[in-house]
Each structure stands twice: as structure tokens, then as C-alpha cells.
Number of protein chains: 2
Amino acid sequence: MKLYDSFRAPNPRRVRWFLAEKGDHAVEIVNLDVFKGEHRAPDFLAKAGLANVPALEMDDGTTITESVAICRYLESLYPEPNMFGRDPKETAVFEMWLRRVEMMLATPLMLAVRHSHPALAALETQIPEIAESNRKSGARALKIFDRQLADHEFIAGDRISMADIVAATAIDFSRMAKFAVPEELSHAVRWYEAMMARPAALAGVKS
Amino acid sequence: MKLYDSFRAPNPRRVRWFLAEKGDHAVEIVNLDVFKGEHRAPDFLAKAGLANVPALEMDDGTTITESVAICRYLESLYPEPNMFGRDPKETAVFEMWLRRVEMMLATPLMLAVRHSHPALAALETQIPEIAESNRKSGARALKIFDRQLADHEFIAGDRISMADIVAATAIDFSRMAKFAVPEELSHAVRWYEAMMARPAALAGVKS
């Protein structure tokens with residue numbers, strides 16, 4: 001089993017972090033240099049269908065993209081610690097929070113970076129208003145998560161789940177857009193500091 | 001079990017369609033009039049946490065939002081016909097296609113409607129360039145799905161899955177942005193006509 005990874009993009013980091021929380025695993029990491037266009041090479045495209053990383057190639061050759069789909073599959077192989085829920089009800093609550101994180105926080109912060117960081121100016125026409133509007137959306141979303149974190153240690157409840165990994169990687173990436181957790185959101189600050197202090201936060205991160 | 005629904009929004013329709021494919025069920029549908037702000041009523045907010053529909057209230061009072069999380073939970077109660085995959089590998093492939101549909105097609109088409117339809121002008125500042133750019137993104141994504149549909153009856157493979165329901169409801173909604181499946185994408189046209197001819201396509205749709 002091979003994970004096609006890229007050290008500088010935020011979505012592959014979700015999977016590296018997830019695997020590090022799981023501990024021992026038999027996934028070989030293959031780093032693609034997206035700045036050299038290695039994710040557009042014909043043999044990779046033939047497997048993954050799209051020029052997307054991360055991608056997981058299973059032992060039978062089936063290859064999937066989409067970080068959350070990859071992690072849910074890996075959880076079937078490495079069930080502990082559980083990150084997607086132990087029964088249908090908990091799975092539903094965890095997925096609700098994961099999707100809120102993705103749509104209300106991770107996507108806006110990614111757009112804020114793409115529309116503001118000089119190194120990404122070649123990828124698209126950067127519009128400062130879009131960066132600013134998405135930075136504000138991210139800050140608004142964090143108020144909602146802060147309220148949840150006032151009563152719970154983690155975003156989806158009292159143990160870590162995929163929602164926390166996606167949220168923490170999004171916030172760390174958003175430093176490239178000069179974003180940070182607003183300090184008045186004390187519960188979110190406490191949670192974010194605890195997340196970044198986990199050993200798994202360092203998985204594949206170049207210092 | 002109660003599904004808080006709203007007849008005029010696209011995401012609740014995913015759940016109505018999904019339940020109609022399942023056939024008999026014990027879910028009571030409660031329609032909220034979002035134009036009257038019924039999704040902002042304090043008793044609803046206390047349950048759902050956010051002013052979002054659809055929301056599913058379980059018999060023990062646990063309430064979840066997010067249409068896909070709701071459908072995955074309902075599949076645990078009503079397993080047939082299967083829409084999320086029968087084993088971890090199929091679940092991974094189905095979720096990959098579902099997420100591609102959501103991010104590459106459904107979100108752009110929703111933004112195209114929000115930024116162009118006169119009835120929604122009160123919700124936000126409409127920017128014609130955003131509508132047009134998202135209409136183009138939707139058309140580009142349909143080329144990818146058209147290639148997949150050249151070899152498969154449905155988007156994730158040879159039977160219907162959640163990806164098809166989300167894609168079809170998104171395209172039908174996008175008529176409000178004067179969007180349609182480009183007729184040269186013959187496989188996508190064939191698939192869309194077949195989807196809209198299913199009895200479940202009519203679930204809760206006012207004529």
C-alpha cells in the first residue's frame with residue numbers, strides 16, 4: 001500500500017497526521033514534488049484519475065484520492081485509536097463536526113492563503129477581497145467551535161477525531177495568510193495549543 | 001425520528017431523495033419555512049446548534065445536521081439499497097466520487113445560483129463574475145464525470161450511490177443559474193436523464 005504524498009500541501013498532511021496517531025502501519029509514503037508537476041505525470045494520472053494528492057494505492061491497485069476517504073479506509077485497517085466513530089450515532093455526530101470544520105473553516109482558510117500568499121500568485125488571479133472575506137469566515141467559524149470547546153475537550157466530543165486533525169492542519173496552514181486563532185477565543189486557543197503539542201502534529205513537517 | 005426539512009433548498013432534497021430510494025421508513029418529515037426564518041427559532045437552534053436544514057432528530061434527542069452525515073446514519077437503519085458502499089474498499093471509492101461531486105460540482109453550482117438569482121439578492125452581495133466563474137467550474141467538472149460515465153452507468157460505478165443523488169440535485173438546482181449539462185457530454189446527459197426519471201427524483205418536489 002502506497003500513499004502518494006506531498007510535504008508542502010495541507011490535505012496530505014491530514015493523512016500523515018492521522019497515520020501518526022494510529023502508530024505502526026504498513027503504508028509506504030511516496031513524496032511527489034508538486035512544484036515539479038510530479039502529480040501530473042501520466043503514470044500517476046492513470047492511477048489516481050486526477051492530479052490530486054494525497055492518493056492511496058491499495059495492494060490490488062485500486063487507487064483513491066480525497067484525504068477523508070483515504071483516512072476512513074485506513075481506519076478499517078488500523079481501527080485504534082478510533083477517529084470516525086464507534087457506532088452509527090457517534091459516526092454521525094463526528095461526521096457532522098468534520099463537515100462543519102471542512103466547509104466553515106478549512107475551505108475558507110485555504111482560499112485565504114491561495115488569494116494572498118505571494119508564492120501562489122502563479123496559480124490563479126489573486127483577489128485581496130476574497131482573501132479577506134475568507135479570513136473573516138474562518139474567524140466566525142472559530143467562534144462556533146470555541147463554544148463547542150467550552151464544553152468538550154475536542155471538537156466532536158471528549159476524544160480526538162478526524163474533525164480535530166482537519167481543523168488543526170487548516171489553522172496551521174493559514175499562517176501563510178497571516179491568520180491565527182483570535183486570542184479572545186480561549187477554548188479554541190487551549191484546544192489548538194494541545195493539538196499542536198501532539199507528537200503526530202510533527203509527522204512529515206519539515207522544520 | 002424527525003427530519004427537519006425545507007422544500008426549497010437543495011441540501012434537504014438530497015435526504016428526501018435518499019429516503020425515497022430506500023422505500024418504507026419511519027422518519028417524520030417536518031417542513032421548516034426558511035423564508036419565514038423557522039430554522040432560526042430558538043427551539044430549533046437549541047437542538048441543531050446551527051440554523052441549518054436538513055437536521056435529523058433521533059429518538060434519544062441527539063440532533064445532527066449535514067445532509068451526507070444524516071444519510072450515512074439513515075443507511076445504518078435502512079441498509080438497502082446500499083448507497084455508501086458494502087465494504088471498506090467500495091466505501092472508499094464511493095466516498096471519493098461523492099467528495100469530487102460535492103467539491104467540484106455541487107459547491108460551484110450552488111455559488112453560481114447564489115450569485116445570480118434575483119430571489120437570493122437579499123442574502124449577500126451578488127457578484128456576476130463569481131457566478132460565471134462557478135458556472136464554468138461546474139461545466140469543467142462535468143467533463144470529468146462524463147469520462148467516468150462513458151464506462152460506468154453511475155458516477156461511482158455500476159450502481160447508484162450517494163454521489164449520484166448529490167450530483168443530480170445540484171444540477172437540477174442550478175437551472176436557477178441557467179446552467180444545464182452541456183449537450184456534447186453525451187454520457188452525462190444520458191445519466192442525468194436517467195436520474196431525473198427515477199421516482200425518487202420527485203420526492204417532496206412541488207410541481
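Applying the selection to the range A:121-150, what residues are polar (S, T, N, Q) and either over 25 Å from A:Arg86 (Cβ atoms) or not assigned by TED's automatic domain parsing to the domain that holds A:Val93 (or both)?
Let us first name the residues in the range A:121-150 that are polar (S, T, N, Q), namely A:125-126, A:133-134, A:137, A:148.
Residues satisfying the conditions are A:Thr125, A:Gln126, A:Ser133, A:Asn134, A:Ser137.
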For this session: Filter the range B:39-73 down to residues that are of a type in the set (D, E, K, R) and touching a helix residue (DSSP H, G or I) at 6+ places or on another chain (Cβ under 7 Å) and give me whichever is farthest from A:Leu98 (Cα to Cα).
Result: B:Glu57
Seminar exercise, completed: Residues of the range A:27-61 being in contact with an Asp or Glu (Cβ under 7 Å, 6 or more places away or on another chain) and either more than 19 Å from B:Ala92 (Cβ to Cβ) or outside the structural domain of A:Arg14 (by TED's automatic domain parsing) (or both), in sequence order, are A:Asn31, A:Leu32
Exercise. What residue, of A:Leu3, A:Leu77, is touching a strand residue (DSSP E or B) at 6+ places or on another chain (Cβ under 8 Å), under 30 Å from B:Asp151 (Cα atoms) and in contact (Cβ under 8 Å) with a residue 40 or more places away in the chain?
Worked result: A:Leu3
For this session: Take the range B:97-112 and flag every residue that is more than 9 Å from every other protein chain (Cβ to nearest Cβ) and free of Cβ contacts under 8 Å to residues at least 24 places away in the same chain.
Result: B:Leu111
Seminar exercise, completed: Within the range B:1-40, residues loosely packed, with under 15 Cβ neighbours inside 10 Å, under 19 Å from the mean Cα position of the chain (by Cα) and within 19 Å of B:Arg72 (Cβ to Cβ) come out as B:Gly23
Problem set entry | Filter result for the condition that a residue is crowded, with 16+ Cβ neighbours inside 10 Å and within 22 Å of A:Leu3 (Cβ to Cβ), over A:Gly49, A:Gly61 | A:Gly49
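From A:Arg72, A:Arg99, grab the single residue that is of a type in the set (Lys, Arg) and not assigned by TED's automatic domain parsing to the domain that holds A:Asp33. Show your work before the answer.
Values: A:Arg72 fails: not assigned by TED's automatic domain parsing to the domain that holds A:Asp33.
When all the criteria are applied, what remains is A:Arg99.
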Exercise. Which one of the conditions (1) more than 19 Å from the chain's Cα centre (by Cα); (2) surrounded by fewer than 18 Cβ atoms within 10 Å (Cβ to Cβ); (3) more than 22 Å from A:Thr62 (Cα to Cα) does B:Phe44 fail to meet, given that it meets all the rest?
Worked result: (2)
For this session: Considering only the range B:56-156, give the helices (runs of 4 or more DSSP H) lying wholly within it that have at least 3 residues that are farther than 24 Å from B:Leu32 by Cα.
Result: B:88-100, B:128-151
Exercise. In the list A:Glu193, A:Glu153, which residue meets the criterion of being closer than 28 Å to A:Arg86 by Cα, touching a residue at least 24 places away in the same chain (Cβ under 8 Å) and surrounded by fewer than 17 Cβ atoms within 10 Å (Cβ to Cβ)?
Worked result: A:Glu153
Exercise. Do you know which residues across the range B:143-198 are away from chain A (no Cβ under 14 Å), of a type in the set (A, V, I, L, M, F, W, C) and within 24 Å of B:Glu90 (Cα to Cα)?
Worked result: B:Phe154, B:Ile160, B:Ile165, B:Ala167, B:Ala168, B:Ala170, B:Ala188, B:Trp191, B:Ala194, B:Met195
Problem set entry | Matching residues in the range B:87-96 - criterion: being more than 9 Å from every other protein chain (Cβ to nearest Cβ) and either closer than 15 Å to A:Pro88 by Cα or of a type in the set (A, V, I, L, M, F, W, C) (or both) | none
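Would you call B:Arg72 within 24 Å of A:Met58 (Cβ to Cβ) and within 12 Å of another protein chain (Cβ to nearest Cβ)? Steps first, please.
Values: within 24 Å of A:Met58 (Cβ to Cβ): yes; within 12 Å of another protein chain (Cβ to nearest Cβ): yes.
Considered against the rule, which asks whether it is within 24 Å of A:Met58 (Cβ to Cβ) and within 12 Å of another protein chain (Cβ to nearest Cβ), B:Arg72 comes out as yes.
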Problem set entry | Matching residues in the range B:58-69 - criterion: being more than 8 Å from chain A (Cβ to nearest Cβ) and hydroxyl-bearing (Ser, Thr, Tyr) | B:Thr63, B:Ser67
Seminar exercise, completed: In the range A:173-190, residues that are in contact (Cβ under 8 Å) with a residue 40 or more places away in the chain and surrounded by 19 or more Cβ atoms within 10 Å (Cβ to Cβ) total 6
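How many residues does the range A:87-116 contain that are over 17 Å from the mean Cα position of the chain (by Cα) and surrounded by 16 or more Cβ atoms within 10 Å (Cβ to Cβ)? So that I can check it myself, show each step before the final result.
Applying the first criterion (over 17 Å from the mean Cα position of the chain (by Cα)) to the range A:87-116 yields A:87-93, A:115-116.
Filter once more, keeping what is surrounded by 16 or more Cβ atoms within 10 Å (Cβ to Cβ): A:90-93, A:115-116.
Final tally of qualifying residues: 6.
The values are calculated or read from the model by the stated rules, or taken from the named source; none is laboratory data. Keep in mind the model is a prediction, meaning the values are calculated, not measured. All Cβ positions, even for glycine, are placed from backbone atoms using ideal geometry, and neighbour counts span all protein chains on display.
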